[in-house]
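Working notes, structure below.
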Amino acid sequence: MPDFRLYNTLARREESFAPQDGHTVRMYTCGPTVYNPAHLGNFRTFLFEDLLRRTIKLAGWNVYQVMNITDVDDKIIRRAHEAGTTIGQITQPITDTFQRDREYLRIEPAEVYPKATEHIGDMIALVQRLMEKELAYQAEDESVYFAIARFPAYGRLSRLDTRVLRPGARVAADDYNKEDVRDFALWKAAKPEDERAHAAWDSPWGRGRPGWHLECSAMAKRYLGDTLDIHAGGVDLIFPHHEDEIAQSEGANGVPLSRFWCHGEFLLTDGEKMAKRVGNVMDVAHLREAGIGAAALRHFMFSVRYRQQLNLTEDALEASQRAVRRVGELAERLTTAEAGTEALANAADDLERDAKAALFDDLNAPQAMAALFEFIRRANAELDQGGSNLAALERARSAFALINGVLDIVPDQPAVDAALRSWVEAQLAEREQARARRDFATADAIRKLLEVRGISIEDGPRGTRWKKVR
Ligand code: AMP
Ligand code: ZN
């Protein structure tokens, strides 16, 4: 197994990573809050996790990934309340959109997508355990809070200055900022609008609903056990969300919640965090409209390391579209070539070595892409030479497939419908006949006609191949 270096937020440095059991990486990734379609900022984090997941597999391990679906929280209830409906009516279509968008971006599916509302029992059991250990208490407002003063490790992940801790003071909101270091809600007493939105359940402390942080602690335990290999999310989750998950889980279980904590930096637009409340969001629907495919977006997202901020611009997306076209052209050439040269095999060896070294160095995707583009340059030159080495061609194909299997940046072929296909094939048959009777003027005219329709053709020893280029 390679030396896989990964930055661990808990230690504030890169460490050597391997799964605890030597085989399978048990990974928990905080998922979307389904009140609005996920935007590209959210997807930057999910793509970083996809890169992590695929790099782990490249290293030779299996992955068991859990991504929760937050289908009850303050924002969802407010949305349901405004629409006069239930939380389920709000969250179901958005969850479907999330899965479609995820597929569009070629993000590999997690093994499980548990929903918060389907694990209320697990959450209640966890709060009970915290009550038994006197780490939680029910306040006058009937909600149950975590007593941070009784958990000395509180603030370790986010390195909070202990002087700003305000134990005993309470915060009920799901999301709050660094200045709000107070006892946080585990279980919130139901309000009439919660009942109307079907966001209230029975519990030993009366009707209520879980706080946001509680769901991850409960579902991580349910699907992955008490100590995970990796827990990941965006940097904004370090505090309060992950700090609170640690307090709940470690308070209840008495063992570390995760061996590694990995956080991806923000996607920005015009220098500001992409966020719904800032009003600068772009989502997958916009990408589809603009004809920007998964390959280009992935290329763009991987052009900067995950721990650095990345600014979204139209120019950068266009540059990525051009770049992945070259990747697609080489993929096509490797498929149709019949043999290669010795030097092609050498280029393939260099690609595999350099891209792996980059990825295992805390997911250095830009450097892995640089290795791929260097390979494309060299491979094109070698394929121009022709060559007769079959094994060399196979070597190039497999190294390319291996590294592209992580980055996944070959663009989709433009769709060809059945009518176009049969028209193209009729034209090609006619062109064949023209060529057979040495009527090159007609053959040429047919080629031009095809070009006008966005079809490029290539004559080879195995007949004429065509593809749609626009
Ligand atoms: P949410 O649906 O708000 O719970 O967020 C889902 C994930 O997206 C979390 O891991 C967030 O940290 C992450 N996230 C939110 N905004 C951004 C952004 N602008 N750039 C990168 N990640 C983000
Ligand atoms: Zn979480």
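Scan the range 66-75 and tell me whether some residue there is more than 16 Å from ligand 2 (Cβ to nearest atom) and of a type in the set (A, V, I, L, M).
The initial filter retains those residues of the range 66-75 that are more than 16 Å from ligand 2 (Cβ to nearest atom), namely none.
Within the range 66-75, not a single residue is more than 16 Å from ligand 2 (Cβ to nearest atom) and of a type in the set (A, V, I, L, M).
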Could you look through the range 21-79, keep only residues that are among the small types (Gly, Ala, Ser) and farther than 13 Å from Ala116 by Cβ, and pick out the one that is surrounded by the fewest Cβ atoms within 10 Å (Cβ to Cβ)?
-> Gly22
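Among the candidates Val424, Val452, which residue alone is within 43 Å of the chain's Cα centre (by Cα) and closer than 22 Å to Gly291 by Cα? Explain how you work it out, then say what you get.
Values: Val424 fails: closer than 22 Å to Gly291 by Cα.
Step by step, each of Val424, Val452 is checked, and only Val452 is within 43 Å of the chain's Cα centre (by Cα) and closer than 22 Å to Gly291 by Cα.
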For Gly234, indicate whether it is within 16 Å of ligand 2 (Cβ to nearest atom) and not aliphatic (A, V, I, L, M).
-> yes
Somewhere in the range 278-286, is a residue touching a helix residue (DSSP H, G or I) at 6+ places or on another chain (Cβ under 9 Å), within 14 Å of ligand 2 (Cβ to nearest atom) and touching a residue at least 40 places away in the same chain (Cβ under 8 Å)?
-> no
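Only strands (runs of 3 or more DSSP E) wholly contained in the range 1-51 count here; list those with 2 or more residues that are aliphatic (A, V, I, L, M), away from ligand 1 (no atom under 13 Å from the Cβ) and in contact (Cβ under 8 Å) with a residue 24 or more places away in the chain. Steps first, answer last, please.
Values: elements: 4-8, 13-17, 24-29.
Hits in the range 1-51: 24-29.
How many residues does the range 81-121 hold that are among the small types (Gly, Ala, Ser), over 16 Å from Thr29 (Cβ atoms) and part of a helix (DSSP H, G or I)?
3
Kindly state which strands (runs of 3 or more DSSP E) lie completely within the range 122-211 and contain at least 2 residues that are in contact (Cβ under 8 Å) with a residue 12 or more places away in the chain and out of contact with any Lys or Arg (no Cβ under 6 Å at 6 or more places or on another chain).
On the way: elements: 136-138, 144-146, 166-171, 182-189, 208-210.
Where strands (runs of 3 or more DSSP E) fall fully within the range 122-211 and carry at least 2 residues being in contact (Cβ under 8 Å) with a residue 12 or more places away in the chain and out of contact with any Lys or Arg (no Cβ under 6 Å at 6 or more places or on another chain), they are 136-138, 144-146, 166-171, 182-189.
Only the coordinates and a few stated rules stand behind these numbers; no lab work does. Please read all numbers here as calculations on a predicted model, not as lab measurements. Neighbour counts run over all protein chains shown; Cβ positions are idealised from the backbone, glycine included.
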